[in-house]
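The values are calculated or read from the model by the stated rules, or taken from the named source; none is laboratory data. Note that the structure is a prediction, hence the values are computed from the model and not measured. As a convention, Cβ positions derive from the backbone with ideal geometry for all residues, glycine included, and neighbour counts pool all protein chains shown. With ligands, DNA and RNA removed, areas are computed over all heavy atoms of the protein, side chains included. Shrake-Rupley method; radii C 1.70, N 1.55, O 1.52, S 1.80 Å.
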Amino acid sequence: MAGVAGGNDFQWCFSQVKGAIDEDVAEADIISTVEFNYSGDLLATGDKGGRVVIFQHEQESKNRPQLRGEYNVYSTFQSHEPEFDYLKSLEIEEKINKIRWLPQQNAAHFLLSTNDKTIKLWKISERDKRAEGYNLKDEDGRLRDPFRITSLRVPVLMPMDLMVEASPRRIFANAHTYHINSISVNSDHETYLSADDLRINLWHLEITDRSFNIVDIKPANMEELTEVITAAECHPLQCNVFVYSSSKGTIRLCDMRAAALCDRHSKFFEEPEDPSSRSFFSEIISSISDVKFSHSGRYMMTRDYLSVKVWDLNMENRPVETYQVHEYLRSKLCSLYENDCIFDKFECCWNGSDSAIMTGSYNNFFRMFDRNTRRDITLEASRESSKPRATLKPRKVSTGGKRKKDEISVDSLDFNKKILHTAWHPKDNVIAVAATNNLYIFQDKIN
């Protein structure tokens, strides 16, 4: 990757935007997760209405080579429905919390989707042929009288319009007392883990009626509860290793070879707090909202409210890199606490070569950090710059004093417009950014 900050040889430009332009956004249309598959050819989004929309990358057209391939709707299906837990008198939302793709083994694609309680394994397959010439059925499907059949026909497969079908192959239910916040497919491609506020379970993809509880931090007396699990992920190369983060800003790495119940971690990552910067909000803003291993498996990245940290798995006492996402909000924590924005859970992602990272902010801004050059950039997902191939202009926030012409004041940031979910193509410089009910796709501009 040449550089995130718009160097001479690298700029981001607008490619597509999906979703309605309406000012009044229906709650059900708000995107709640975004995920590329392993090849980057498919891009899935889940929303608060329980729907999954999959976009497929179209190949570039030979006649117009300047138009690089676009993502178009491939399949849309209702993954989860609202439910009611009669025992606890609780409504279970249909909102899709996470989507994770499985590596492709055959012509079909498989993905896991989850709401607060139930995980489903979906098969997405294509059908472009149908059988014709049945002996016991007419062409319109009605049964024929067997006594009138005088000759046997051999059915043949005839071409038909392409149909993409989504069918639920497995339903993994009733294993979580609290809300599921993470699912992660293991590198053995046979198992996956699911995490809620207090427990992590390990599942086999073929077995739905039982899972192994591998982490349980629930105290005997709930009044002694001091932290919750906020995210969990399997190591990309070692199937016995996983990490989970907590609301206290710590990360625990566990090895399933050590014990069946991983209550005792192998490594404990925590940055010592600077006593001089301690405030009422310190504990809230240190809560980790996302943790992601690098593709190489050497590093992991964590996102807290104000920063992104990169940790070397061999060094537990402090991160090797810290990037400030929106430090200018430190003076606004009081009002962010009052409007509940301080509890927003921002996600983060790596590019394909682990050389750059991306995460979201407010005002539909998102941030990119180049790990090699240490340059960073703020870009905006907005309809204003959504002309085809339009270059994204870097945005700057003024923190007081005299505001320059291109800068935006901290006080005029819109905290209702937030980018919580982003995804980076595993091979190319193509990114997907969810802004409320719109999905923006940007790509690098080749000069």
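Odds and ends about this structure:
- Restricting the calculation to alpha carbons of the chain gives Rg and Dmax of 24.2, 94 angstrom.
- Cα point-scatterer Debye curve for the stretch 218-299, base-10 log of I(q)/I(0) at q = 0.20, 0.25, 0.27 Å⁻¹: -1.00, -1.27, -1.34
- Rounded if a/c under 1.5, otherwise prolate or oblate - the stretch 351-447, Cα gyration tensor axes: prolate
- Sparse packing (at most 10 other Cβ atoms within 10 Å of the Cβ) combined with a DSSP loop state is found for the following trypsin sites (Lys or Arg not before Pro) in the stretch 338-406: 374, 402, 404, 405.
- Heavy atoms of residue 299 accessible to a 1.4 Å probe, total area in Å² rounded to 10: 50 Å²
- What the Cα convex hull of the stretch 116-271 gives, in volume per residue, is 194 Å³.
- Straight-distance candidates among the aspartates and glutamates for linking to residue 345, with alpha-carbon spacing under 13 Å and chain neighbours fewer than 8 residues away dropped: 290, 304.
- Residue 125-residue 174 pseudo-label distance in nm [points 7 Å out on the Cα-to-Cβ vector]: 2.8 nm
- In order along the stretch 85-94, the phi-based Karplus estimate (6.51 cos²θ - 1.76 cosθ + 1.60, θ = phi - 60°) of 3J(HN,Hα) comes to 8, 6, 5, 9, 6, 10, 7, 9, 5, 8 Hz; Gly and Pro are listed as x.
- 252, 278, reordered so the largest accessible area comes first (probe 1.4 Å): 278, 252
- In terms of its C-alpha gyration tensor, the stretch 238-365 has a prolate overall shape, because the principal axis ratio a/c (a ≥ b ≥ c, square roots of the eigenvalues) is not below 1.5 and a/b outweighs b/c.
- Gyration tensor (alpha-carbon) shape descriptor, the stretch 55-203, a/c threshold 1.5: oblate
- The HN-Hα couplings worked out from phi for the stretch 335-346 by the Karplus form 6.51 cos²θ - 1.76 cosθ + 1.60 (θ = phi - 60°) are 6, 5, 6, 5, 9, 6, 5, 4, 9, 4, 10, 8 Hz, whole numbers, x standing for Gly and Pro.
- CD proxy at 222 nm, helix term only [per DSSP H run n ≥ 4: -39500 (n - 2.57); per residue of the chain; nearest 500]: -500 deg cm²/dmol
- Viscosity 0.890 mPa s, temperature 25 °C, Stokes-Einstein D of the stretch 146-200 from Kirkwood C-alpha radius, µm²/s: 147 µm²/s
- For residue 387, the lysines whose Cα comes closer than 20 Å to its Cα, not counting residues fewer than 8 places off in the same chain, are 18, 445.
- Once C-alpha pairs closer than 8 Å and six or more residues apart are averaged by separation and normalised to the residue number of the stretch 340-412, the relative contact order reads 16 percent.
- Across the stretch 273-336, counting alpha-carbon atoms alone, Rg and Dmax equal 13.0, 40 Å.
- Extent along principal axes [Cα atoms of the stretch 7-53; Å; largest to smallest]: 41, 30, 13
- Relative contact order (%) - criterion: Cα under 8 Å, at least six apart; region: the stretch 300-447: 18 percent
- What the phi angles of the stretch 285-291 give under the Karplus curve with 6.51, -1.76 and 1.60, with θ = phi - 60°, is a coupling list of 7, 8, 4, 8, 9, 7, 9 Hz, glycine and proline written as x.
- Formal net charge of residues neighbouring residue 284 (Cβ-Cβ distance under 15 Å; K, R +1; D, E -1): -1
- The lysines within cross-link reach of residue 88, meaning a Cα-to-Cα straight distance under 21 Å and a gap of 8 or more places when in the same chain, are 117, 218.
- Residues with amide H under 5 Å from that of residue 266, placed H, sequence gap 5 or more: 253, 254, 255
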